[in-house]
1. Has region B:304-327 got at least one residue that is more than 36 Å from the chain's Cα centre (by Cα) and open to solvent by less than 100 Å² (accessible area, probe 1.4 Å)?
2. Examine region A:120-128 for a residue that is closer than 30 Å to B:H206 by Cα, assigned to a loop (DSSP other than H, G, I, E, B) and in contact with a helix residue (DSSP H, G or I) (Cβ under 8 Å, 6 or more places away or on another chain), and state whether such a residue exists.
3. Determine, yes or no, whether A:G84 is of a type in the set (G, A, S), open to solvent by less than 10 Å² (accessible area, probe 1.4 Å) and more than 7 Å from chain B (Cβ to nearest Cβ).
4. For the list (1) within 22 Å of A:D48 (Cα to Cα); (2) free of Cβ contacts under 8 Å to residues at least 60 places away in the same chain; (3) within 13 Å of chain B (Cβ to nearest Cβ), I need the number of the one condition that A:G140 fails.
5. Which ones in region A:56-70 are open to solvent by 30 Å² or more (accessible area, probe 1.4 Å) and charged (D, E, K, R)?
6. Sort through B:R202, B:R165, B:R137 and tell me the only one that's under 28 Å from B:S384 (Cβ atoms) and over 17 Å from the mean Cα position of the chain (by Cα).
7. Considering only residues that are among the hydrophobic types (A, V, I, L, M, F, W, C), in contact with a helix residue (DSSP H, G or I) (Cβ under 6 Å, 6 or more places away or on another chain) and outside any helix (DSSP H, G or I), look in region B:149-191 and name the one that is nearest to B:S402 (Cα to Cα).
8. Tell me, please, whether a residue that is among the β-branched types (V, I, T) and under 17 Å from the mean Cα position of the chain (by Cα) can be found in region B:217-235.
Amino acid sequence: MADSDKPTRREVLRDTVRLCGLAGGAFALGGIATRSEAAEMVWQIDPDKCTECGLCASACVLEPSAAKCVHAYAQCGYCKLCFGLFRDKRTGDTTTAENVRCPTDAISRTFIEDPYHQIAVDENRCIGCALCVKGCHQFGNGSMYLQIRHDRCANCNQCAIANVCPADAVVRVPGHRPYMLKRPKG
Amino acid sequence: MRRAGAAFLCLVAPLVAFGQTADQHSQPPPQFTDYRIPIERAAAPRDGSFQYVDLALLACLLVLTAWIVLKRRSRKELRIVSLFALGYFGFYRLGCVCSIGSIQNVAYAIAHSDYRLPLTVAGFFVLPLLAALFFGRVFCGGVCPMGAMQDLLLVKPIRIPASWRAPLEAAPYVYLGAAILFASTGSAFAICEYDPFVGFFRMHGHFLMILFGSAILAVSLFIGRPYCRFLCPYGVLLRWASVFAKYSVSVTPQECVQCHMCADACPFEAIQPPAIAKQDRTEIRRRLTRTLAVTPILIALFAFAGWRMSPMMASWDLRVHRAHVLRDAEMHPPKVKTVLADAWDRHRKTTQDAYVEGSAVEHEFAIGAPILGAWIGLVFALKSLSNLRRRGSNDYEADSSSCLSCARCYSACPVPHREYALPPLPMASIEPPEPVGGAV
């Protein structure tokens, strides 16, 4: 009965540890909340480094990949024979449906005025395979490029795409500027 | 400094790139008569609003689980809570952020002062531990989606022989040490990468990981929560915290009738039988001195092994691997330049840069790997003492550090629990146990 009145040594020890734990936890959370000078980092594809290898489509932990094609209109040449859209077939008709590069038919074009056609990428269909990026980069202005979409990206501690990227093109960027967009100078 | 440089490069690179590509490529900007070049839709930013919902839900679920396990003592209600947690944290939030993985972020944040630990991750690390300090491992019982997945599948628990259990139970400690080493060097986040269940949550994953996850789920039909008990590194921390739990599961609210039924019902072998005979003191002393003598030898042995293995462990790091690949390419130039070497050149970095980066990581491993080895040695030495723990009780009691708060034992206990809620009977001989539920 005396035990219930006076705490034993063991109980005092436990209470102390608990108190320390509580204080430590509060301290840690407070410290983290105020340690704000460092920015939260997110993953992004550096379009300058990207070699269009196509691993973005398969390496991402998400299905479909968080990497998707972005089209910089201001850089686009509005080519009639767009190699982002069509395969670079040197003979025969190249602007027919059989020759479309994109495996998911995510790229569409609309006629503007002779000879210019506008290209648009349907992000919902894009799987990030980089076939169009390769075509556009090789024969065009490089206006199509891959970016990791942050409305999809799980922001893994170690990006699975970065693990396999042969050109070391997946880099960490500050969370408040999460995209590396191609923009005209000035 | 290196990171700051990298960030700067990241910001500036696209501008430089544009200049280059516009020069290199042929198509001139079109001259339209009446067409304005559209500006691409601003890419969606990262949605951070869910973070606070996650954190608030975690806190609520921890308190709710504690209330159900300790006060309501209801397995049925707990099952509903854990199903909800499985649905929300697992399948809806795709198993990320999770407390188990948060260990790595905390380790990385401690090692790298330029990394800011996100508040959610910090909360997911701290809150379950705080809950364990007060209510035991309620996180495991009702909140962890990975635990829920295994627990809900358990149909026919079979007992694991004690001789098998001891080495299996050492595995989480080893895993914890290794995960901290690889995360703090920034080499790999093994807990995330080798998470057996996240593939199910995302409905997509590496084939081998899905196979591993399926194997664990198949095993958990017969062995209670194999991942939680024999792998989970966060369970180690929870185990330590819950030793100090203020309120933890107490099987019977009244006098234990020593019927053994709760121990049979517990699929995790967490209920300790009463200490019938006191262990021989001289025997205990002998084992203690033997262990104390062996411990330094084991620690030294494993630390040496860790030191020997540190180059191998470092070579798993991407930066070290890159340095080796570039050096090889420099010494034996291949006919076709590799993509990596080409990319490295384009950014005007030399092999020396890669080398400096790689050797810094190798240096970190040269320190970290022996520490990991020493830790493993210590774990093995102390594991042999695990059955020497002092057990003061004369009743069947849940061991708060290994009890996963699943609430199975309550219904197994034949002592009527309803009376617990009634005013205490005037029986001096029956001393009510610690006010487990009542004080919550």
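The values are calculated or read from the model by the stated rules, or taken from the named source; none is laboratory data. This one's a predicted model, so the numbers in the text were calculated from it and none came from an experiment. Don't worry about glycine lacking a Cβ; one is built from the backbone with ideal geometry, like all the others, and counts go over all protein chains shown. Accessible surface areas use protein heavy atoms only, side chains included; no ligands, DNA or RNA. Shrake-Rupley method; radii C 1.70, N 1.55, O 1.52, S 1.80 Å.
1. If we filter region B:304-327 for residues that are more than 36 Å from the chain's Cα centre (by Cα), which is where we start, we get B:327.
Filter again for open to solvent by less than 100 Å² (accessible area, probe 1.4 Å), leaving B:327.
Yes.
2. Here is the first cut: in region A:120-128, the residues closer than 30 Å to B:H206 by Cα are A:121-128.
With the extra rule that they be assigned to a loop (DSSP other than H, G, I, E, B), the set shrinks to A:122-128.
Next cut, in contact with a helix residue (DSSP H, G or I) (Cβ under 8 Å, 6 or more places away or on another chain) only: A:127-128.
There is at least one residue in region A:120-128 that is closer than 30 Å to B:H206 by Cα, assigned to a loop (DSSP other than H, G, I, E, B) and in contact with a helix residue (DSSP H, G or I) (Cβ under 8 Å, 6 or more places away or on another chain).
3. Working: of a type in the set (G, A, S): yes; open to solvent by less than 10 Å² (accessible area, probe 1.4 Å): yes; more than 7 Å from chain B (Cβ to nearest Cβ): yes.
Considered against the rule, which asks whether it is of a type in the set (G, A, S), open to solvent by less than 10 Å² (accessible area, probe 1.4 Å) and more than 7 Å from chain B (Cβ to nearest Cβ), A:G84 comes out as yes.
4. (2)
5. A:E63
6. Only one candidate passes the filter, namely B:R165.
7. B:F189
8. No, region B:217-235 contains no residue that is among the β-branched types (V, I, T) and under 17 Å from the mean Cα position of the chain (by Cα).
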